[in-house]
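So the structure is just underneath, and the comments pick up after that.
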Ligand SMILES: Cc1ncc(COP(=O)(O)O)c(C=O)c1O
């Protein structure tokens, strides 16, 4: 069999498997438990958190929160932001997001948020001008995937010609499937300005 669906899910990298193996076999304590076994696991989790913070260029490791998966992260990021910023209830997203984001944004639209749904072109790409035009003072969230999970199309391919920043300070969340595309700290600072 030739597996051609690596966009949707793929084999765990051998080095990830190797790093995780002890925690799936011998070292399976609950990091929230007070006993020695638990405390050792807590140390391993904090080590992992520090590594991820370093990788993403985040100053405070406690800003890194591990969740159980994608859907929880979507709900947590968007819902958490809206709770803290009730006046910034304008959301920009696309018609081709992961189902978990589509349904969440539909729901947020039903409970009082304004949602701008951007279309992609026949190649599945997003025009950054459309995104720039959709931004408002009340825009709190821009949720756009980097790579589509069905087609593999890089939605934001042309964004390289834009300086990517937030009009409303750090309050626009840009969500990418692959965070290595650009570092969150850089994202948190800017405005969409055509170069
Ligand atoms: C943006 C997004 N949300 C949700 C999911 C679903 O993830 P999970 O099954 O872990 O909830 C994915 C899966 O790739 C995703 O990319």
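Go through segment 132-146 residue by residue and tally those that are touching a strand residue (DSSP E or B) at 6+ places or on another chain (Cβ under 8 Å), over 21 Å from residue 76 (Cα atoms) and either within 16 Å of the ligand (Cβ to nearest atom) or not in a loop (DSSP other than H, G, I, E, B) (or both).
2
Could you grab me the full set of residues in segment 132-153 that are in contact (Cβ under 8 Å) with a residue 60 or more places away in the chain and under 18 Å from residue 109 (Cα atoms)?
Once the filter is applied, which keeps residues that are in contact (Cβ under 8 Å) with a residue 60 or more places away in the chain and under 18 Å from residue 109 (Cα atoms), segment 132-153 yields 141, 143.
Of all residues in segment 78-90 being without any contact (Cβ under 8 Å) to a residue 40 or more places away in the chain and either more than 16 Å from the ligand (Cβ to nearest atom) or outside the structural domain of residue 136 (by TED's automatic domain parsing) (or both), which is nearest to residue 112 (Cα to Cα)?
Looking at residues that are without any contact (Cβ under 8 Å) to a residue 40 or more places away in the chain and either more than 16 Å from the ligand (Cβ to nearest atom) or outside the structural domain of residue 136 (by TED's automatic domain parsing) (or both), I get 86.
Tell me the residue from 44, 100, 77, 19 that is in contact with a strand residue (DSSP E or B) (Cβ under 6 Å, 6 or more places away or on another chain) and assigned to a helix (DSSP H, G or I), please. Step through it out loud before you land on a result.
Details: 44 fails: in contact with a strand residue (DSSP E or B) (Cβ under 6 Å, 6 or more places away or on another chain); 100 fails: in contact with a strand residue (DSSP E or B) (Cβ under 6 Å, 6 or more places away or on another chain); 19 fails: in contact with a strand residue (DSSP E or B) (Cβ under 6 Å, 6 or more places away or on another chain).
Testing whether each residue is in contact with a strand residue (DSSP E or B) (Cβ under 6 Å, 6 or more places away or on another chain) and assigned to a helix (DSSP H, G or I) leaves just 77.
Which residue, of 101, 115, 96, is under 30 Å from residue 136 (Cβ atoms), surrounded by 11 or more Cβ atoms within 10 Å (Cβ to Cβ) and modelled with pLDDT of 95 or more?
115
Residue 67 - would you say it is loosely packed, with under 14 Cβ neighbours inside 10 Å, under 30 Å from residue 155 (Cβ atoms) and touching a helix residue (DSSP H, G or I) at 6+ places or on another chain (Cβ under 6 Å)?
Here the answer is yes, as residue 67 does meet what is asked.
If you go through segment 103-127, how many residues are more than 19 Å from the chain's Cα centre (by Cα) and assigned to a loop (DSSP other than H, G, I, E, B)?
10
Restricting to segment 46-77, give me the number of residues that are within 11 Å of the ligand (Cβ to nearest atom) and touching a residue at least 40 places away in the same chain (Cβ under 8 Å).
Here the count works out to 2.
List the number of the failed condition for residue 57; all other conditions in (1) out of contact with any helix residue (DSSP H, G or I) (no Cβ under 6 Å at 6 or more places or on another chain); (2) farther than 22 Å from residue 9 by Cα hold.
(1)
Condition first: in contact (Cβ under 8 Å) with a residue 12 or more places away in the chain and either touching a helix residue (DSSP H, G or I) at 6+ places or on another chain (Cβ under 6 Å) or not assigned by TED's automatic domain parsing to the domain that holds residue 137 (or both). Can you find one or more residues in segment 9-21 that meet it?
For segment 9-21, residues in contact (Cβ under 8 Å) with a residue 12 or more places away in the chain and either touching a helix residue (DSSP H, G or I) at 6+ places or on another chain (Cβ under 6 Å) or not assigned by TED's automatic domain parsing to the domain that holds residue 137 (or both): absent.
The values are calculated or read from the model by the stated rules, or taken from the named source; none is laboratory data. As the structure is a prediction and not an experimental result, all values here were calculated from the model. Here Cβ is always computed from backbone atoms with ideal geometry, including for glycine, and neighbour counts include all displayed protein chains.
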